[in-house]
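Below: one structure, written as structure tokens.
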Amino acid sequence: MTRRRILVGRLFHESHSFSPQITSGEAFETKRGADVLVHAWHSGTTLGGIVKRATAFGYEVVPTISAVAPPGGLVDHRFYVRCRDALISLANEGEYEAIALELHGAMATTELPDADGDLLSRLREAVGPDVPIGIGLDLHAHVTQAMLSSVDICIACKENPHSDVVWCGERVVECLAAILDGTLEPVLTTAKVPMILPGAAETSEGPLAELHARARSFAAAHPEIWDISLFNVYPYADDEGMGQAVVVLTHGSSRLAQTAATELARLFWALRKRFQDDLLTIDQALGLIARESDRRPYVLADMGDRVLAGAPGDSTAIIERALIRADRLRGAIPVTDPTSVEAAAKAGIGAQVTLAIGGRMTPGFAPLTVSGVVAKISDGRFVIAGPFGAGEETSLGRTAVLVLDDRLSIMLTSKPGFTHDPAAFASQGIDVADQDFVVVKSGYHYKLNFAGIGTPLAVATPGIGYYTPRMLRWKRARFWPEHEVPEPEIRVIAYGSDNSPSA
Ligand SMILES: [Zn+2]
């Protein structure tokens, strides 16, 4: 018997519809051919799980492309089209029995609100109805009819922070293998409610812990259920039909799947008022760091300016307060500002400079004028230590470290980057253990990567990375609590193995 072959790839972006920054091709780490597999193999990613499990099954893994960028503004449409067409043309050339892709599931371009749906429907058209397609998604995906009607398997990671993305990829391959073996005739049964989660977005506690427990008990009691994925839609997408989504994967069509999807969707709605956070203000957080010194270093999540939620990362709000306050804390803070990077580089290492930093990208922000010493200039490249994103090569763009008042290390970066990982700071010569606090542009994943290194503390800060009612204007989407939404009627749609929806 010849070896089974599986075509794999990744196109991963969470696209903020209201960021003024377009995400260009330069923001992406793009790999092709064998490079895709080399990097995926040891990585803490869904694609890593896909490659590892397929290899363990003895499959020949056929690579296409892998392109990933930190969350940010809408993707340059031309770049997306190049990636899409490259992937589809490799799918047209290759020989394989199944396709497994890692997508975020909330990618939008300057022209398309649902780029993942466009990619998958074109891929389905190209390969025909008989090749099983499986996708492993981020649980913050905006799952659409175009996506679900084009695939056989659609699985989300189950945890936020995302500690189980490798598992997600492995599960996609296990399900595809079962289709090829004839033991799974996949049906995806879905239900949605028009709401976002204004807070309480972690899965280990609060209402999401209850929802996941209910989903697990359904699956445990009924062997025909292969997976229940709960999607907490990325709130800064702007597309029709946005909401919390339940996707139940069963062997064959199942009344039970409809019951599970309906009940879980209703539960989202019933619990909606409990999706709230209780964040500290900047001054409360800095005061706590000053008082409770034995828990240092603290890792402050700059919730409003989270690059990991698509914000530009150019806020100076925490720097401003830390400079003014009397507690003279030592800290390290990233700020996206390519203009100041160039000015610092021109002045050179050791130079004393006065610069207006940050505040040039996010609407409503303004630069902060500071004086300090240029301590380092680099290309900003580093490898994420993980576990979240472990082994991924990434870049902050050209980066300058500016030390203010002998105690605050400002990491001026040319790009919005992944700072949820200690390696981002180490790459700039900043020893996290030596700080009273570091600021990360991440609200959840940093907890995984700084575990045992620092005390996490989420801070209410301004910016477009944290939901505030009436701050942004959605054009297509309508959801609670931003809009007046009546009690929703739960509509269940089943996508069968022939990929046609049935109500
Ligand atoms: Zn996510």
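The values are calculated or read from the model by the stated rules, or taken from the named source; none is laboratory data. Please read these numbers as outputs of a predicted model, since none were measured by experiment. Because the Cβ atoms are built from the backbone with ideal geometry, glycine has one as well, and the counts that use them run over all protein chains shown. Ligands, DNA and RNA are stripped out before the accessible areas are found, and what is left, the full protein with its side chains, is counted by its heavy atoms. Shrake-Rupley method; radii C 1.70, N 1.55, O 1.52, S 1.80 Å.
Helix 255-270 axis versus longest C-alpha principal axis of the chain: approximately 30°, rounded to the nearest ten. Close amide H contacts of Cys157 (hydrogens built in the peptide plane, cut-off under 5 Å, sequence separation of 5 or more or a different chain): Leu137, Leu139. Sites counted here are GluC sites (Glu not before Pro) in a DSSP loop (not H, G, I, E or B) having no more than 14 other Cβ atoms within 10 Å; the longest part of the chain that contains none of them is 293-483. Nonpolar atom fraction for the chain, defined as the carbon and sulfur part of the 1.4 Å probe accessible area, stands at 50 percent.
Quick check: from the Cα gyration tensor, does the stretch 103-146 come out rounded (a/c under 1.5), prolate or oblate? Verdict is oblate for the stretch 103-146.
To the nearest ten degrees, helix 282-291 and the longest principal axis of the Cα atoms of the chain are 70 degrees apart. Against the chain, whose longest principal axis comes from its Cα atoms, helix 206-221 is set at around 30 degrees. Solvent-accessible area of Val373, all protein chains in place: 60 Å² (probe radius 1.4 Å, heavy atoms, ligands and nucleic acids excluded). Heavy-atom accessible surface of Val374, to the nearest 10 Å², is about 0 Å², with a 1.4 Å probe and all protein chains retained. Loop-resident trypsin sites (Lys or Arg not before Pro) (DSSP state other than H, G, I, E or B) in the stretch 1-107 with no more than 12 further Cβ atoms inside 10 Å of their Cβ: Arg3. Give, as ranges by residue number, the residues of the stretch 126-143 whose backbone N falls under 14 Å from the point 7 Å along Cα→Cβ of Glu185. Within reach of a label on Glu185, which here means backbone N under 14 Å from a point 7 Å along Cα→Cβ, the stretch 126-143 contributes nothing. Mind scanning Lys31/Lys441; Lys192/Lys475; Lys192/Lys273; Lys31/Lys52; Lys376/Lys415 and naming the pairs with a C-alpha gap bigger than 23 Å? Result: Lys31/Lys441 exceed 23 Å.
Accessible surface for the chain, divided over its residues, is 37 Å² per residue with a 1.4 Å probe. Rounded, prolate or oblate: which fits the stretch 282-459, taking a ≥ b ≥ c as square roots of the Cα gyration tensor eigenvalues, rounded meaning a/c under 1.5, else prolate when a/b beats b/c? Rounded, since a/c falls under 1.5.
When a/c reaches 1.5 or more, the comparison of a/b and b/c decides; with that in mind, is the stretch 1-125 rounded, prolate or oblate per its Cα gyration tensor? Judged from the Cα gyration tensor, the stretch 1-125 comes out prolate (a/c at least 1.5, a/b above b/c).
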